[in-house]
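Working notes for the structure below.
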Amino acid sequence: MKSLRCLLIIILISVSVSMNCAAAGPAASNPLVKLAPAPPMGWNSWNKFACEVSEQLIREMADAVVSSGMQAAGYQYVNIDDCWQVSRDAQGNIVADPQHFPSGIKALADYVHSKGLKLGVYTDAGRLTCQKRPGSYEHEAQDVNTYAAWGVDYVKIDWCYAEGLDPEVQYAKFRDALAKAARPIVFSICNWGVKAPWSWGPSTGNLWRTTGDISDDYDRMSVIGFSQNGLERFAGPGHWNDPDMLEVGNGRMKPDEYRTHMTLWTLLAAPLLAGNDLRTMTEETKQLLMNKEVIAVDQDPKGVQGHRVWDEGPLEIWAKPLADGSQAVGLFNRGESELKITLAFNKIGFTGPAKLRDLWAHRDLGTMQQSYTAEVPKHGAVMLRVSQ
């Protein structure tokens, strides 16, 4: 009887452990989860330079990440997007453009690493990249092993020329190859939201694009950013929704619109990949990209993606719970004139008075009783840290 009781206890413990593992979700079994405990931060060449990439440009951008203060603010990846590759050799190995990358990608990775930074590259899960360079289809493991040998730290994998292919199947091939690679490499899935990657992404990669491409335009940026509401349950440490790269500093949005862009992306716990020319940043752009209080919201160790808690016409309030029990809150005016927005503290689960700090102004606003009202400019945002 005693032996039977012991056996039953062992079975119950085993069942309990199994249930707990299942409850942890697909991300718990993802061998890549520890690679991105917070949303990745860095720079990517596409938004500003498109196909005009070279090793000289990447070296200069790595230098600028350090000299501008971006590295000190938390930015660490320097990512080459499309157009660095031109062909495959007789063994099927991917070949870098010898004209624009004469020293090769390994030498470039060594240079970036010498700055205390990390290098990223780009490929495509389809037959060709979006700019019709060789894709990785049927070369998934070979390319991953090449990147690892070169010292690559991050790979973005696009979805062009993938007709008839299933993204869930194709991206799993990269996941499996990366798990076996000789080097840890962050895995960025870029399939534009095809087949709802948030549903299978947590068991496949570290981040996944949820939408089509962003552009340096307020309407496009806001459509993408504000559409992320409802996806928060799929994000967390090691696995992030990606609403695409930053356009801050590229010049086609107004300052208030760029502030909205940065405020929303940090509340979304989105990857922060700058896409401007870091060598020629204005002070205004530096202040937007390197506000440490704002960045801390994005990088908060709780790893929660914010969500909309209130809206009225063109006005929206978003909140993101933080590890210290406070909440980061964004007051957004999507309208065409300055408007007042009132944050009622009960909308973020607080009762009674609360202490407020304006994160863009680096200014304590004091203790308010039940609510706080701010004048928010057209297409603008106010970003608060609210605590009790």
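The values are calculated or read from the model by the stated rules, or taken from the named source; none is laboratory data. Values in this document were obtained by computation on a predicted structure and should not be read as measured data. All Cβ positions, even for glycine, are placed from backbone atoms using ideal geometry, and neighbour counts span all protein chains on display. Accessible surface is based on the protein model in full, side chains and every heavy atom, while ligands, DNA and RNA are left aside. Shrake-Rupley method; radii C 1.70, N 1.55, O 1.52, S 1.80 Å.
Among the candidates Gly164, Gly205, the residue that is at pLDDT 95 or above and open to solvent by less than 60 Å² (accessible area, probe 1.4 Å) is uniquely Gly205. Taking segment 364-388 as the range and being farther than 15 Å from Glu293 by Cα, charged (D, E, K, R) and surrounded by 15 or more Cβ atoms within 10 Å (Cβ to Cβ) as the test, only Lys378 passes. Checked against the criterion of being loosely packed, with under 14 Cβ neighbours inside 10 Å, touching a Ser or Thr at 6+ places or on another chain (Cβ under 8 Å) and β-branched (Val, Ile, Thr), segment 295-311 has no qualifying residue.
Reported count of residues in segment 182-201, each being open to solvent by 10 Å² or more (accessible area, probe 1.4 Å) and under 20 Å from His307 (Cα atoms), is 4.
The residue list Gly225, Gly201 contains one member that is in contact with a Leu (Cβ under 6 Å, 6 or more places away or on another chain) and part of a helix (DSSP H, G or I), which is Gly225. Taken over segment 115-151, the criterion of being hydrophobic (A, V, I, L, M, F, W, C) and under 16 Å from Leu207 (Cβ atoms) is satisfied by Val121, Ala125. Taking the criterion of being without any contact (Cβ under 8 Å) to a residue 60 or more places away in the chain, at negative phi and of a type in the set (Gly, Ala, Ser), the only residue of segment 271-315 that qualifies is Ala296. Checked against (1) outside any helix (DSSP H, G or I); (2) crowded, with 21+ Cβ neighbours inside 10 Å; (3) within 20 Å of the chain's Cα centre (by Cα), Cys83 meets all criteria but (3). Of the strands (runs of 3 or more DSSP E) lying entirely inside segment 277-368, those carrying at least 1 residues that are in contact with a His (Cβ under 9 Å, 6 or more places away or on another chain) are 315-321, 327-333. Just one of the listed residues (Ala274, Ala323, Ala296) is of a type in the set (Gly, Ala, Ser) and touching a helix residue (DSSP H, G or I) at 6+ places or on another chain (Cβ under 7 Å), and it is Ala274.
Contact map, segment 126-151: residues that are in contact (Cβ under 8 Å) with a residue 60 or more places away in the chain paired with residues that are crowded, with 18+ Cβ neighbours inside 10 Å, Cβ distance under 9 Å, separation 6+ or inter-chain. Pairs shown: Gln131/Asp82; Gln131/Cys83; Gln131/Cys160. Under 6 Å between Cβ atoms, at least 6 apart or on separate chains: pull out the pairs that start in segment 34-52 with a residue that is over 18 Å from Leu268 (Cβ atoms) and end on any residue that is surrounded by fewer than 18 Cβ atoms within 10 Å (Cβ to Cβ) and among the β-branched types (Val, Ile, Thr). Going by the 6 Å Cβ cut-off, there are no qualifying pairs.
Determine whether Leu246 is in a loop (DSSP other than H, G, I, E, B) and either free of Cβ contacts under 8 Å to residues at least 12 places away in the same chain or surrounded by fewer than 24 Cβ atoms within 10 Å (Cβ to Cβ) (or both). Answer is no for this residue. Applying the criterion of being within 20 Å of Met41 (Cβ to Cβ) and among the charged types (D, E, K, R) to the residues of segment 104-139, the residue that is surrounded by the most Cβ atoms within 10 Å (Cβ to Cβ) is Lys118.
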